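Worksheet: the structure to be examined is printed underneath.
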Amino acid sequence: MHTKTIAELAQGLKNKDFSSVELTQHYLDRIKASDLNAFITITDELALQQAKSADEKIAKGEAGKLTGIPYAHKDIFCTKGVKTSAGSKMLDNFIAPYDATVSHKLNQSGLVMLGKSNMDEFAMGSSNENSFYGAVKNPWNTSKVPGGSSGGSAAAVAGGLSSFATGTDTGGSIRQPASLCGITGLKPTYGRISRYGMIAYASSLDQAGPMTKTAEDAAIVLNAMAGFDAKDSTASEQDVPDYTANLNDAINGLTIGLPKEFFADGLEDAVATEVMNAVKEFEAMGAIIKEISLPNSAYAIPTYYIVAPCECSSNLSRMDGVRYGYRCDNPKNLEDLYLRSRSEGFGAEVKRRIMIGAYALSAGYYDAYYLKAQKTRHLISNDFKKAFTEVDVIMGPVSPTTAFDLGSFKDPVSMYLADIYTLSANLAGLPAMSIPAGFSQKMPVGLQLIGNYWSEPKLLNIAHQFQQQTDYHAQMP
Ligand code: GLN
């Protein structure tokens, strides 16, 4: 059952080939037998309850496309009555008193939540090694990382521990783990999905999205996640189309832009080869390939690593040991309480970014760092605006390498460099996907598709057409 897509599982439930309770139990057994460390919390009792009521709905003929389908929910989304840790010791004792809008919407769709998936602390990282709950292993090779920060979600889907998972992407956290684990991941246009109840990392960049086996599944899940929300002032009022409607559109005549900056130094040869083979596959399907330039690409890393820490230093100031979360033992006075709660509750990478952010925002430095970063952010957006007057979609690698060995990055900055191809889409607020495009030494390689604002139907169409011609997405470790 765990090899099936959502679309196939829904059919199986409808035909009574298996019940949701059986399906849920199958996934729970697999999770318990697995050594990937993909979950922080397993919600088995709740899952079986939800599965039972899903079966009742199915019996009454009241089922929707997602009724009774089990999934993994990134532990960054608040889930009422269920621990929501964001991968941090700081929130190890936090039981969310309310549901995030995404959690609420997924509940309403009749889905079954198997548990909360592991992640880098507060979504900061590219390897899932920054989790308080320990690193996650890549199901293709357990000595390698699954990517991050949604590493638990990606490993759960690739390892057959859940039919799909949710993720969030501030600078690549859906696409990069999807790429490293050989699954499909979509980061929608900024504002497409409500951020209410999604623990904030960098508010102007954060966006939730689906992590699935196929583009068709991503479309089905996006239908359930997307939409306006009065509780999030940045949620867009843009209509939500049926994302499955255009999957079968023909793509001949599609113009694909290949940014020359995405194929320069630092990209592993084997990854470049797989990406170019995928592009050639599109050419064979009638697409036109054009070289383009995104001249400010080189500034994406320094810009992001100012903007994101600035916003996180502000967002994480609420974790102070007073209102909720971790509190140190026997504080001497208020200052000691703040100081020790935060030093003991946060991990090293989170502290590093809070300090960078607080420094860059401080009086006297604001103009030199944050303001400057906002200006380069604007230049990066403009590069895309110009590119989309010439091409329909931009393609390139997701990550410069395939999954690297656990523990292999010794300094934080070299890990930041691995985000080079994903950060720009967040800085510009554009939708982007990673789809399985090949293998190098038995490890998956992802192809990135970046589209214009609100072009999710087109991206999903392009990805689906590719998946009709190839079977990389159907392979499992
Ligand atoms: N790897 C990037 C970072 O460490 C992106 C993380 C994310 O998208 N949440 O910030």
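Remarks
- Anisotropy class of the stretch 272-320 from Cα gyration tensor, a/c 1.5 cut: prolate
- In terms of the mean number of neighbouring beta-carbon atoms within 10 Å, the peptides 438-448, 81-91 order highest first as 81-91, 438-448.
- Overall form of the stretch 75-131 per C-alpha gyration tensor (a/c, 1.5; a/b vs b/c): prolate
- Residue 371 versus residue 16: modelled label distance in nm, points set 7 Å from Cα along the beta carbon direction: 7.1
- Two-site FRET efficiency, residue 329 against residue 108, from Cβ-Cβ distance with R₀ of 25 Å, rounded to 0.05: 0.05
- The stretch 297-383: C-alpha gyration tensor shape, a/c 1.5 cut-off, then a/b vs b/c: prolate
- Rounded Å value of the spacing that divides the Cα centres of the stretch 158-180 and the stretch 263-301: 22
- DSSP beta bridges fully contained in the chain are about 65 percent antiparallel.
- Using a simple spin-label model with pseudo-atoms 7 Å out from Cα toward Cβ, residue 283 and residue 441 lie 2.8 nm apart.
- Over the C-alpha atoms of the chain, the Rg to Rh ratio, Rh being the Kirkwood estimate, stands at 0.95.
- Considering all C-alpha pairs of the stretch 245-336, those separated by over 20 Å amount to 65%.
- The chain, relative contact order in percent, only Cα pairs under 8 angstrom and at least six apart counted: 18
- Each label was represented as a point 7 Å from its Cα along the Cα-to-Cβ direction; for residue 95 and residue 417 these points are 4.7 nm apart.
- Among beta bridges identified by DSSP and lying wholly in the stretch 1-151, the antiparallel ones come to about 55 percent.
- Positive-end extreme of charge dipole, the chain - chosen from 172, 455, 324 (charges on Cβ): 324
- From the alpha carbon centroid of the stretch 55-94 to that of the stretch 1-48 is 13 Å.
- Hydrodynamic radius of the stretch 75-207 per Kirkwood, over alpha carbon pairs, in Å: 14.5
- Eligible lysines near residue 137 by straight Cα distance, threshold 19 Å, same-chain separation 8 or greater: 32, 74, 116, 213, 410, 442
- For the stretch 1-152, relative contact order (Cα pairs under 8 Å, six or more residues apart, normalised by length) works out to 24 percent.
- Sorted peptide list for 384-395, 296-307, criterion being average Cβ within 10 angstrom, highest first: 296-307, 384-395
Quick note: the coordinates plus some simple rules give every number you see, no bench work behind them. Please read these numbers as outputs of a predicted model, since none were measured by experiment. Reconstructed Cβ throughout: ideal geometry from the backbone, glycine too, with neighbour counts over all protein chains shown.
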